[in-house]
Every structure is written in structure tokens, then in C-alpha cells.
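Just below is one structure, and these are the notes that go with it.
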Amino acid sequence: MHKLKVKQIVIRKTTILILSSPLINISIMCFITALHNPQKGAFVMHVLWEVVMTHKRIPKDWVIKRSTPFFTKENVPSTLLTHHNTAAGVFGQLCVMEGTVTYYGLADENATEPEIKVVINAGAFATSPPQYWHRVELSDDAQFNINFWVAPDFSGEKVYTAKKE
């Protein structure tokens, strides 16, 4: 398990805690607001957690090596529903056209519980860094595709690796 970075910001009466990990491209924001409740004569803490996918930037000189056709529940390759990762030097860009795709990030090839869960709705995309283990789940109406980005001098053919059973 990797360590999270913690940053605390206080703006007026709201404390914002930002926990982030650059490896898994995610930030968790905790908004804590203390509000005076006149009926109880005390302060009430309101806490709102928000998970924000921060798209790890694909270098601007990289190119799409390969794009998949559109997948739905009826034709999604079983590899995408189980442990797999992008190959060394390959970013995955998961683009959701309809429905919802849920991305589960895994600490390693043998992890049974996800370390992150990101819900990607229609019209949004998320990136998956090279060699990060993950799997996806689809809503019944999901339609998505994947673009595989590489450096211009990338010489490999393989863009992903599936878990060996």
C-alpha cells in the first residue's frame, strides 16, 4: 500500500482536507464545516466527502497506438472485467459514451479488494497509468471504448497484460 499525501486548507469556517496519491490518480476531499445550530445552542459538524478523479496527464507528444471498438455488456472482453493492466509505457484512456463504467484500482496483481473505486459517467473519461492493475464493471446501458496512448518511439505491440490464472 502506498502512502497518501494530506493537505489541510481552511477557508473561513470550512476546513478542506485533501488526501491524494499520485500513483492511483485520485484525490479525496473532505469538506468540514462548523455551523451554529441555534435550536441546540451548539455547533454541528457537516462533513462532505467527495472523490475526485484527477486525470494523470498523458504527455502531449504521445500518440494513440490503438483504439478499441465500442463495448457494451454484450460484447465486452472478459479480460476487462478481471485483473489486468496497461503495459509498460502505455496509458489507457477509458471514454464512456453512455451509461456508467466503474473502475476499480488494485494494489497489485493478487489484490482481491480494490484500493480505489471511480465511477465514470457518460461523457466523461479517465486515464489509467502504465502497469496499474485494475478491472471494470458496466451498467446495463454502458457503452465505452479505450484509447491506448504511447510515446512516438514506442516499439512494443502489447498494450495490456491480463492476470495469469
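The values are calculated or read from the model by the stated rules, or taken from the named source; none is laboratory data. Note that this is a predicted model, so its numbers are computed, not measured. Cβ coordinates were reconstructed from backbone atoms using ideal geometry, including for glycine residues, and neighbour counts include every protein chain displayed.
Summary of values
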item: Region 110-138 - residue that is buried (at least 17 other Cβ atoms within 10 Å of the Cβ) and polar (S, T, N, Q) and, of those, farthest from I58 (Cα to Cα); result: S128
item: Lone qualifier among A162, A88 - being at pLDDT below 95, loosely packed, with under 15 Cβ neighbours inside 10 Å and under 23 Å from R57 (Cβ atoms); result: A88
item: Looking only at region 88-112, and only at residues there that are of a type in the set (S, T, N, Q) and touching a residue at least 24 places away in the same chain (Cβ under 8 Å), the one that is nearest to F125 (Cα to Cα); result: Q93
item: Within region 58-87, tally of residues that are farther than 15 Å from F144 by Cβ and free of Cβ contacts under 8 Å to residues at least 60 places away in the same chain; result: 2
